1. Run residue 31 past the list (1) closer than 17 Å to residue 129 by Cα; (2) part of a helix (DSSP H, G or I); (3) of a type in the set (Gly, Ala, Ser); (4) touching a Pro at 6+ places or on another chain (Cβ under 9 Å) and report the number of the one that doesn't hold.
2. With the requirement that a residue be closer than 18 Å to residue 37 by Cβ and in a helix (DSSP H, G or I), what does the range 149-163 give you?
3. Could you list, in sequence order, all residues of the range 92-103 that are modelled with pLDDT of 95 or more and either among the acidic types (Asp, Glu) or surrounded by 14 or more Cβ atoms within 10 Å (Cβ to Cβ) (or both)?
4. Residue check: is residue 41 in contact with a strand residue (DSSP E or B) (Cβ under 8 Å, 6 or more places away or on another chain), surrounded by 14 or more Cβ atoms within 10 Å (Cβ to Cβ) and part of a helix (DSSP H, G or I)?
5. Hey, does the range 164-175 have a residue that's assigned to a helix (DSSP H, G or I) and under 15 Å from residue 70 (Cβ atoms)?
6. Mind counting the residues in the range 191-200 that are more than 15 Å from the chain's Cα centre (by Cα) and assigned to a helix (DSSP H, G or I)?
7. Exactly one condition in (1) among the basic types (Lys, Arg); (2) at pLDDT 95 or above; (3) crowded, with 21+ Cβ neighbours inside 10 Å is not met by residue 142; state its number.
8. Filter the range 70-112 for residues that are assigned to a helix (DSSP H, G or I) and among the aliphatic types (A, V, I, L, M); which is nearest to residue 171 (Cα to Cα)?
Amino acid sequence: MTGFAGLVARAGALVVPGRRHLLGICGPPGAGKTTLALRLVEALGERAGYVGMDGFHLAQVELDRLGRTERKGAPDTFDAAGYVALLRRLRQSRDEVVYAPEFRREIEEPVAGAVPIGPDVALVVTEGNYLLLPDPPWSLVRPLLDQVWFLAPPEAQRIGWLTARHQAHGRTPDAARDRALGSDQRNAELVGATMGDADLVLSKIP
């Protein structure tokens, strides 16, 4: 098991003056990706910035139009090409502020231009379910990332965290568990199949 200090050191090795590196944190829904990403960024200070894949959720009105509302969180409910374009821009643009969208769980919608990544940010930590998915356009994500870490906590623990998160955002206990064991679980199985392509696999967040 790699302790948190070891993870900070590994991420810190990607902080190189005059260059920008991208670290991806992947895993199924509820695995703790955001928690770890934010802890790393906090530990590394102003040298690091955070961008979440969830900022590229399609808006609810578009999900309704496409008939994909019940599958929200599946690969085709994101603007994957937009996410790829942002990662490319983050790698290439070192002399300007790059703005990224942010997903706000309290309204279940993405908000454009909410996350500034300035020229002084040498490491961008990004996280999401589908960083290692082999299907295009998701397959274009992995080559843009210097490392990808995969979170694979025990299933019972992950489902418990996910159910609690759904309840915290307004679902009843039954609805929260149905979501966690329904569409979320299908997505989790899809994501789990990509674990072998990660640079590091963590069974728990230290």
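The values are calculated or read from the model by the stated rules, or taken from the named source; none is laboratory data. Bear in mind the structure is a predicted one, so any value in this text is a computation, not a measurement. Don't worry about glycine lacking a Cβ; one is built from the backbone with ideal geometry, like all the others, and counts go over all protein chains shown.
1. (2)
2. Of the range 149-163, the ones closer than 18 Å to residue 37 by Cβ are 149-153, 158, 161-162.
Scanning the range 149-163 gives 158, 161, 162.
3. First pass over the range 92-103, keeping only residues modelled with pLDDT of 95 or more: 97-102.
Of everything in the range 92-103, those that are modelled with pLDDT of 95 or more and either among the acidic types (Asp, Glu) or surrounded by 14 or more Cβ atoms within 10 Å (Cβ to Cβ) (or both) turn out to be 98, 99, 100, 101, 102.
4. Working: in contact with a strand residue (DSSP E or B) (Cβ under 8 Å, 6 or more places away or on another chain): yes; surrounded by 14 or more Cβ atoms within 10 Å (Cβ to Cβ): yes; part of a helix (DSSP H, G or I): yes.
So residue 41 passes the test.
5. Just the residues of the range 164-175 that are assigned to a helix (DSSP H, G or I), to begin with: 164-168, 173-175.
Okay, now just the ones that are also under 15 Å from residue 70 (Cβ atoms), so 166, 175.
Looking for residues that are assigned to a helix (DSSP H, G or I) and under 15 Å from residue 70 (Cβ atoms), one finds at least one in the range 164-175, hence yes.
6. Within the range 191-200, residues that are more than 15 Å from the chain's Cα centre (by Cα) and assigned to a helix (DSSP H, G or I) number 2.
7. The single condition residue 142 does not satisfy is (3).
8. We begin by selecting, within the range 70-112, every residue assigned to a helix (DSSP H, G or I); these are 70-71, 75-77, 80-92.
Remaining after also requiring among the aliphatic types (A, V, I, L, M): 80-81, 84-87, 90.
Details: 80: 27, 81: 31, 84: 32, 85: 34, 86: 32, 87: 33, 90: 36 Å.
Result: 80.
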